[in-house]
Amino acid sequence: MRISGLDRTGTAFAVVDPVGRFIDIGLRPGWWPALGPARVAAGLIEALEAARMQAALVPLVARGDVHETARGRIAEAYRLIDEGREQPAIQVVIGSRGLFRLHVRGGRIDGAETGPLTHTDAEPLLADAREVLTELGRRPSDARLAGAG
């Protein structure tokens, strides 16, 4: 089963498996005017987060656990706020083409950005994004960024 998510413009999309593991990411025609070089990285991450959220909600809705899960997520948020005083440093993982950079803090995506782009750079950009997200998914949570630079 594959679960997809879109960014708010509907031009960036991501696909994950039922537990939220990255499968693919892409851009639909019209991405350049909708996102442009300034928002394309954020759009791709937004689509990935939307797909992961849908993957997380499917089993909860099926079991009727949405309210219990909401309480659990709120408790988790408070825990993260408490831990926030000693947040790990941001690490940057860069694709081999230098077109996609992922900012990660303690194994969690904190943001992303792109290198200089033109409207014809969709495929090389996506190849870089796939490479970085695939690599991130292979690493254990605690050691996910060891040696990344």
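Computed from the coordinates by the stated procedures, all read-outs in this text should not be read as laboratory data. What you see is a predicted model, and the numbers here were worked out from it, not measured in a lab. In this analysis, Cβ positions are derived from the backbone assuming ideal geometry, glycine residues included, and neighbour counts consider all displayed protein chains.
Numbers at a glance
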quantity: Inter-site label distance for Arg8 and Leu60 at 7 Å from Cα along Cβ, in nm; calculated: 2.1 nm
quantity: Length released on extending from Ala89 to Thr118, taking residue separation times 0.36 nm less the Cα-Cα span; calculated: 7.3 nm
quantity: Separation of the Ala127 and Arg105 label points, Cα + 7 Å toward Cβ, nm; calculated: 3.3 nm
quantity: Net charge of Cβ neighbours under 15 Å - reference Thr120; Lys, Arg +1; Asp, Glu -1; calculated: -2
